[in-house]
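The values are calculated or read from the model by the stated rules, or taken from the named source; none is laboratory data. All values derive from a computational prediction rather than experimental measurement. For neighbour counting, all protein chains shown are included, and Cβ atoms are generated from backbone atoms with ideal geometry for every residue, glycine included. SASA here: full protein model, heavy atoms, side chains in, ligands and nucleic acids out. Shrake-Rupley method; radii C 1.70, N 1.55, O 1.52, S 1.80 Å.
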Amino acid sequence: MGAAGTGRAGVGRARSAGRAGADSELFWRELRGATQARIGLGRTGDALPTARVLEFRAAHAAARDAVHTSVDVDALCHRVAALDLGTPIRVRSRARDRAEYLCRPDLGREPEDSSMIRNTLSPSTFDVGFVLADGLSPRSLATHGPDLLAALVDELAPHYALAPPVIATQARVAIGDHLGAALGARTVLVLIGERPGLSVADSLGIYLTHHPRPGRTDAERNCVSNIHPPEGLGYRQAAAVVAGLVAGARALGRSGVDLKDSSHTEAVESPVVEAIPED
């Protein structure tokens, strides 16, 4: 083959490689539009492109900030009070500060003092109690907590007696067992900031426990997670799922592994597995 033929072949290969690269980028761009996961990042030589490295570092910094940034309790109480559930009750866990909270998860599971709940409320029995907890992402509670609580109230208030909300700081999920029992609530919903990731730093979760009391295990709870519209689950969607779980827990007499979310059963056909009856 002459020099001209070799040159034309080289140009042809370059054009084919260019088309393949464009097709590959189009493919990954469409997939990236459907997920927040880091996929199809490309490469520059043997490394990631500089822009992708900087995006990763920014996401990592946002996740760290979400863990360590404290929630403005006064501002949160003001927004929650506007829902007319009663004056929010403030409590904190036994963890004295954020450092101890992160090193001692057990201290975050118990309130420093829950007697103020009993002293504030007259003896009563509520169907549903709410605990707004900062968890591992106080930022997510400040961003999503009041609007999510409003959606839950809209969904549950026509059917159940709702307790005044409790705002708990330096808190883990199990603190809801103590606070729900102090409220006299048949079911407690803990709205808590979820562990930040490199894709989402402000996701909120709801943990449902029926007949809360100290000593409940994670197997006795139900969780609705990944609540962070517009990318994650929306407030109304989450509230509808929780309403179904509350009704199911009351019918079943317990929450946890035996209680299933049935809100999508009409959309997804799947075999029905009957729960094993208790002895």
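Tabulated values for the structure
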{"quantity": "Residue within segment 47-65 that is exposed (fewer than 11 other Cβ atoms within 10 Å of the Cβ), at pLDDT below 90 and not in a helix (DSSP H, G or I) present", "calculated": "yes"}
{"quantity": "Failed item, numbered, when ARG195 is tested on (1) modelled with pLDDT of 95 or more; (2) on the phi < 0 side of the Ramachandran plot", "calculated": "(1)"}
{"quantity": "Failed condition for CYS223, given (1) open to solvent by 30 Å² or more (accessible area, probe 1.4 Å); (2) out of contact with any Gly (no Cβ under 9 Å at 6 or more places or on another chain); (3) in a strand (DSSP E or B)", "calculated": "(2)"}
{"quantity": "Cβ pairs under 7 Å, 6+ apart, first in segment 52-72 and more than 13 Å from ARG195 (Cα to Cα) and among the small types (Gly, Ala, Ser), second part of a helix (DSSP H, G or I) and open to solvent by less than 90 Å² (accessible area, probe 1.4 Å)", "calculated": "SER70/PRO138"}
{"quantity": "Failed criterion for THR209 (all others in (1) open to solvent by 10 Å² or more (accessible area, probe 1.4 Å); (2) part of a strand (DSSP E or B) hold)", "calculated": "(1)"}
{"quantity": "Residue match in segment 227-240 (condition: under 17 Å from LEU85 (Cα atoms) and touching a residue at least 24 places away in the same chain (Cβ under 8 Å))", "calculated": "yes"}
{"quantity": "Looking only at segment 75-94, and only at residues there that are among the small types (Gly, Ala, Ser) and in contact with a strand residue (DSSP E or B) (Cβ under 9 Å, 6 or more places away or on another chain), the one that is modelled with the lowest pLDDT", "calculated": "GLY86"}
{"quantity": "Count of residues meeting criterion [assigned to a loop (DSSP other than H, G, I, E, B), under 17 Å from LEU152 (Cα atoms) and either in contact with a strand residue (DSSP E or B) (Cβ under 6 Å, 6 or more places away or on another chain) or modelled with pLDDT of 95 or more (or both)] in segment 233-272", "calculated": "1"}
